[in-house]
Amino acid sequence: MLLEVQDLVVSYGEVEAVHGVSFRVEEGELVSIIGANGAGKSSILRTLMGLQAPTSGAVRFLGEDVTGEPAHIRARRGIRMVPERARVFPQLTVKENLLMGVYGLRKALPYEERLRWLYGLFPILEERGGQFASTLSGGEQQQLAIARALVSNPKLLLVDEVSMGLMPKLVDQVFSVLQQLNREQGLSILLVEQNALASLQISRRAYILETGRLALEGEARSLLEDPRVREAYLGL
Ligand code: ATP
């Protein structure tokens, strides 16, 4: 098992946002957590990355308990996140942003080779390599954030609402890159998304999160046909 989350509770002061959720990601899987605004998706993802301490519950990565570990240690273990709204470093160039993806790693990585591979996936990042990241469009910044997370060749990619604010065409493009990374490179991915249709279409399994609780889970294919999902999440 790659990632195993048990009874995770996340609170902000007195307010409990995530009320005890359990889920798993197996090696090589692409799994989604789908939920509306405020359901607790970002809180879960930030807790998995080590940016938010849980109130209770456990996070295990490759069989080890990482619940209390800070983000930089989890990054060294191979967990990487594409944060909500991309969050690239605006005053660094595109190339410098990419190099931040290997910053602080103990072992030197052959990142030049990795960069060449990433430029194949996202040619715009090579073309704009010397420009400040702030000059990129929203969609290009999302591509940069994904590429930055991939430079270190992670074992698990956490992706927070990558479709938000993107034009439908770009959503398709970004989701197909994620699908390709999963199928061709065997990259394990956990997506949290409001865009139920796009994420179910590329996922193997999914969890539906409603106000901090898991309401449904299953194979993505069956969820796409589930009348409750079709009505509440797909607008069908
Ligand atoms: P969104 O799509 O809007 O990001 P989400 O599903 O990611 O939604 P969270 O951002 O995890 O949801 O928020 C879950 C709940 O926790 C919401 O009610 C939110 O208002 C609350 N919350 C999130 N961050 C904080 C914080 N730093 N302080 C207080 N409450 C917070």
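Taking the numbered list (1) without any contact (Cβ under 8 Å) to a residue 40 or more places away in the chain; (2) touching a helix residue (DSSP H, G or I) at 6+ places or on another chain (Cβ under 7 Å); (3) assigned to a helix (DSSP H, G or I); (4) over 27 Å from GLY101 (Cβ atoms) in turn, LEU236 passes all entries but (3).
Might you check whether a residue that is within 14 Å of LEU209 (Cα to Cα) and within 14 Å of the ligand (Cβ to nearest atom) occurs anywhere in region 52-68? Checking region 52-68: not a single residue is within 14 Å of LEU209 (Cα to Cα) and within 14 Å of the ligand (Cβ to nearest atom).
What do you reckon, is ALA149 among the small types (Gly, Ala, Ser) and under 12 Å from the mean Cα position of the chain (by Cα)?
It is true that ALA149 is among the small types (Gly, Ala, Ser) and under 12 Å from the mean Cα position of the chain (by Cα).
Residues of region 26-76 that are free of Cβ contacts under 8 Å to residues at least 60 places away in the same chain and among the aliphatic types (A, V, I, L, M): LEU51, ALA53, ALA58, VAL59, VAL66, ALA71, ILE73. For region 44-68, a residue qualifies if it is among the charged types (D, E, K, R) and either within 21 Å of LEU109 (Cβ to Cβ) or part of a helix (DSSP H, G or I) (or both), and exactly one does: ARG46.
Identify the residue in region 112-140 that is open to solvent by 40 Å² or more (accessible area, probe 1.4 Å) and under 17 Å from PHE89 (Cβ atoms) and, among all such residues, is nearest to the chain's Cα centre (by Cα).
GLY138
Report whether or not ARG85 is away from the ligand (no atom under 16 Å from the Cβ), outside the structural domain of GLN173 (by TED's automatic domain parsing), at pLDDT below 95 and in a loop (DSSP other than H, G, I, E, B). Reasoning before the result, please.
Working: away from the ligand (no atom under 16 Å from the Cβ): no; outside the structural domain of GLN173 (by TED's automatic domain parsing): yes; at pLDDT below 95: yes; in a loop (DSSP other than H, G, I, E, B): yes.
Taking the combined requirement at face value, the residue does not satisfy it.
Rundown of residues vs (1) open to solvent by 40 Å² or more (accessible area, probe 1.4 Å); (2) not hydrophobic (A, V, I, L, M, F, W, C), yes/no style:
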position: LEU51; (1), (2): yes, no
position: ARG60; (1), (2): yes, yes
position: GLY63; (1), (2): yes, yes
position: GLY78; (1), (2): no, yes
position: PRO83; (1), (2): no, yes
position: ARG87; (1), (2): yes, yes
position: GLN91; (1), (2): yes, yes
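Of the residues in region 36-46, none is out of contact with any Cys (no Cβ under 7 Å at 6 or more places or on another chain) and more than 11 Å from the ligand (Cβ to nearest atom). Under the condition of being touching a helix residue (DSSP H, G or I) at 6+ places or on another chain (Cβ under 8 Å) and closer than 11 Å to ARG85 by Cα, which residue from region 125-142 is modelled with the lowest pLDDT? The qualifying residue modelled with the lowest pLDDT is GLY139.
Going by what's in this entry, would ALA149 be described as crowded, with 17+ Cβ neighbours inside 10 Å and closer than 30 Å to VAL9 by Cβ? Taking the combined requirement at face value, the residue satisfies it. Taking region 168-208 as the range and being over 14 Å from the mean Cα position of the chain (by Cα) and among the aliphatic types (A, V, I, L, M) as the test, the residues that pass are LEU170, VAL171, ALA196, LEU197, ALA198, LEU200, ILE208. Screening VAL162, VAL174 for residues that are among the β-branched types (Val, Ile, Thr), open to solvent by less than 30 Å² (accessible area, probe 1.4 Å) and not in a helix (DSSP H, G or I) leaves exactly one candidate, VAL162.
The values are calculated or read from the model by the stated rules, or taken from the named source; none is laboratory data. Just so you know, these numbers come straight off a predicted model, no measurement behind them. Every residue, glycine among them, receives a Cβ derived from its backbone with ideal geometry; neighbour counts consider all protein chains shown. Keep in mind that these areas ignore ligands, DNA and RNA; they rest on the heavy atoms of the full protein, side chains included. Shrake-Rupley method; radii C 1.70, N 1.55, O 1.52, S 1.80 Å.
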